[in-house]
Structures are given as structure tokens and as C-alpha cells.
Amino acid sequence: MASLSDLLEERGVLLADGATGSNLFEMGLQSGESPELWNDLHPDRIAANYRSFIDAGSDIILTNTFGGNRFRLGLHDASDRVGELNAKAARIAREQVDRTRRPVIVGGSMGPTGEILEPLGSLSIERAAEVFAEQALALEAGGADVIWIETISSLEEAQAALAGAAETDLPAVLTFSVDTNGRTMMGLTPSEIVKFTAGTGHRPFAVGANCGVGAADLIASVINMQHEVRNLSLSTIVIAKANCGVPEYVDGKIVYSGTEAIMSEYARIAMDSGARIIGGCCGTTPNHVRAMRDAIDGHRRGDFPDVEKIESKLGPVSTGARSQMLGDLSIAGGARRPPRERKTRRGRRR
């Protein structure tokens, strides 16, 4: 089993995988079905999805367990199958990795519970931590190398997920979805995210952003995280895992606008922004990842990109993300933290 820290030290920048849900849809998954049930029903297809990203050059692959907690599985009458389905997903990934001649990390994916935590909701942090621990322990038993917490929007759920992951002997990483004008759905800025992870009792191995509204805003989030990392004199490893463009409904199905050329530019700009783990989220195929592999291998990190460069290569940056970026990079200590926004449910990683 590879060590994430050792591999990162050896290679400097690691390439993660792409999407799970949208690629499984191409294999026959139907809208409304639970991808996690495929770990039992179609293990060959799950193995093929993992293998496709390994062959494309990924250093990290994530398990098909984004919605593998008991609340999300309960929507499919499978809340009693958390241990089984998560362990199977990790075991299938482990088998594919162990067949590979180079080191590849198995990240045990844990997405949001889908519930609203206190004080706005009824789920306590303590109960949520128990739910996350149940999933994390199953992922560890199946052979995961790291617990990969993703698409989080609130500090309460982040706290619970990290506490749950801490029940294992594995390191944990944490990524938030910054998708509401430069903030998460709960109004968190990238700066606040870094401050939280620096002060939490279960500090993650790495922190970053995933999903969101496109590569341009995600890069802005990464830069704003880096500003706070420097401001606090931290040595935090930052992750970038952007969607492959924006979703569009074409001929009866959802497609993403990102091309291989755009995702290659995104990978290079993510490197310039200081991200040390770079991947794709919704809509990112093995072909996109292969192009990102070539881009990373052929690029030497340059200066932080400015707004103009990001927009010229990746498209518009939202007003909120832009104002944070400009303020953070030119006005020392400048902070703009509006009231927290109304909390809503997150979707699954596609």
C-alpha cells in the first residue's frame, strides 16, 4: 500500500482521477439509482471505471462510495449495507491498484450525509460523526489508503466527517464545494475554510476545493486558500478538483462543456496556483485525465495567475470570487465575510 505523503514528496504534484457518477451513467447507471449498489451488482463495471483512470495516469483514484453513508443509502433501502458496500468498493479499487506496476493511492470517498446539521437542522455533530465513522471504518477494512472527504459546505459537517475519519488509522483529506459566488452554500469563504482546518483537533492531511461551478472559480478558490495559508504561515497541501466545464442538457442527457484542451489549461494553472493534488470532478472522463497527465508532466510551475489570465484561459470568474482574489492578493489581511447563507442539501459527485 502506497503512502500519500511519500508519493507526494517523491512526485511533487499528484494527479487524482475524474468523475464517478457521470462515467457510470455512460456504463448504464440510470437516474435515481444508487451508484453504491453497483459495487455489489456490477463489480466488473466499477473495476473498469477505476482501471480507466489508472490507465489514464491518475496517481489517486476515489472509491465509488460518495453516497455510501447510512442516510444516503437509506434512500435506497440499504442503510444496513454501509459496511458491505463501502468495503466492496475499496476492495475492488485495491485489486486494480495492486495489479498496477506503479504506486497508486486508493482514496475512500465520503460525501455529505444529505442531512442538515444543528443548529439549523436536527442532526447533531456527534451523531453525524458516528455515521461518518461507520463508513470510514468500512473503507479502511476494504483497503483504502486515505479517507477522502469531499463536497462539504458547512463547518459542522466538516467537523463531524473529520471526527469520523479519525476513528481509523488512515490520514484524511477534506475538500469543500465553493459554488455560491465564491463561497460554499453555507457562506464559507476559502479563507475561513483554511482557518478552520488549521485550528481543528483532527487536522486533515490536505484541504481544497472540488466540484463547484467550473474551473475558473475553483482556481480562484485555490488562490484564496493559498493566500490564507501564507497569511497564517502554514505548510498546508492544497487540492484542486474542478468540474469539467458546466453541465448542459443535450439530446436527453447531461453533458459537460469542458474539453481536453481546457482541462489541460486548468491543470497547468492549478499548478501555478500552488495546488499539489489536481484532478477533475463532475463530467471529467479518462480522456480528460490523460490530457491533464500530459499537461502536468510537461509543465514547470510558474507565478500565481491573475484574474485576467484565469478568465482568458478558463472563462469568467464570479464577482464574489474575483473580489476575494483581488483583495486577498493586494490588500494584506483584507477580509470580506458576509452573513452566512441559508443551508441547502448537496448533490452527489458526478
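The values are calculated or read from the model by the stated rules, or taken from the named source; none is laboratory data. The structure presented is a predicted model; accordingly, all values stated were derived computationally and were not measured. All Cβ positions, glycine included, derive from the backbone under ideal geometry; neighbour counts span all protein chains shown. Surface areas here come from the heavy atoms of the whole protein model, side chains and all, with no ligands, DNA or RNA. Shrake-Rupley method; radii C 1.70, N 1.55, O 1.52, S 1.80 Å.
The alpha-carbon of LYS195 sits under 21 angstrom from the alpha-carbons of these lysines, leaving out residues fewer than 8 places away in its chain: LYS241, LYS343.
Out of all DSSP beta bridges with both ends in the chain, state the antiparallel percent to the nearest 5. The antiparallel proportion sits near 10 percent.
Would you mind working out the accessible area per residue for the range 190-255, using a 1.4 Å probe, and quoting it in Å²?
Values: 2450 Å² over 66 residues.
Per-residue value: 37 Å².
Based on Cα contacts under 8 Å between residues 6+ apart, the range 138-203 shows a relative contact order of 32 percent. Only helical runs count toward this figure. For the chain, summing -39,500 (n - 2.57) over DSSP H runs of n ≥ 4 and dividing by all residues gives -13500 deg cm²/dmol at 222 nm. When the Cα positions of LEU29, CYS282, VAL82 are compared along the charge dipole of the chain, CYS282 comes out farthest toward the positive end, with charges on each C-beta of Lys, Arg, Asp and Glu. Please check: in the Gaussian network model of the chain (C-alpha springs, under 10 Å), which one of GLY252, GLY108, GLY67 has the largest mean-square fluctuation. Looking only at GLY252, GLY108, GLY67, the biggest GNM fluctuation is shown by GLY252. Can you give me the Cα centroid spacing of the range 284-324 and the range 73-140 in angstrom? So the two Cα centres are separated by 30 Å.
Extents of the range 1-137, largest first, come to 46, 35, 22 Å (Cα atoms, principal axes, whole angstrom). Sequence-distant contacts, meaning Cα pairs under 8 Å at least 6 residues apart, place the relative contact order of the range 27-142 at 30 percent. Cβ-Cβ distance of GLU130 and GLN30, R₀ of 45 Å, FRET efficiency by 1/(1 + (r/R0)^6): the value works out to about 0.90. Spacing of the modelled spin labels on GLU10 and VAL246, each 7 Å from Cα toward Cβ, amounts to 4.1 nm. Assign one of three labels to the chain, namely rounded, prolate or oblate, based on the Cα gyration tensor with a ≥ b ≥ c the square roots of its eigenvalues; rounded applies when a/c is under 1.5, prolate when it is not and a/b is larger than b/c, and oblate otherwise. Judged from the Cα gyration tensor, the chain comes out rounded (a/c under 1.5).
Once neighbouring chains are kept in place and the probe is 1.4 Å, which whole percent of the accessible area of the range 182-272 is contributed by carbon and sulfur? Provide the component values of the computation, followed by the final result.
Values: 1590 of 3100 Å².
It is 51 percent, rounded to a whole number.
Basic side chains Lys and Arg get +1 at the Cβ, acidic Asp and Glu get -1 at the Cβ, and with that the dipole of the chain about its Cα centre reaches some 500 debye. Rolling a 1.4 Å sphere over the protein heavy atoms, what is the accessible area per residue of the range 1-114, to the nearest Å²? With the other protein chains kept in place, the range 1-114 gives 38 Å² per residue.
In the range 29-144, carbon and sulfur make up what percent of the accessible area (probe 1.4 Å)?
Values: 2120 of 4410 Å².
Here it works out to 48 percent.
List the relative contact order of the chain as a percent without decimals, with contacts defined as Cα pairs under 8 Å and 6+ residues apart.
Working: 773 pairs, mean separation 65.3, N = 350.
Over the chain, the number comes to 19 percent.
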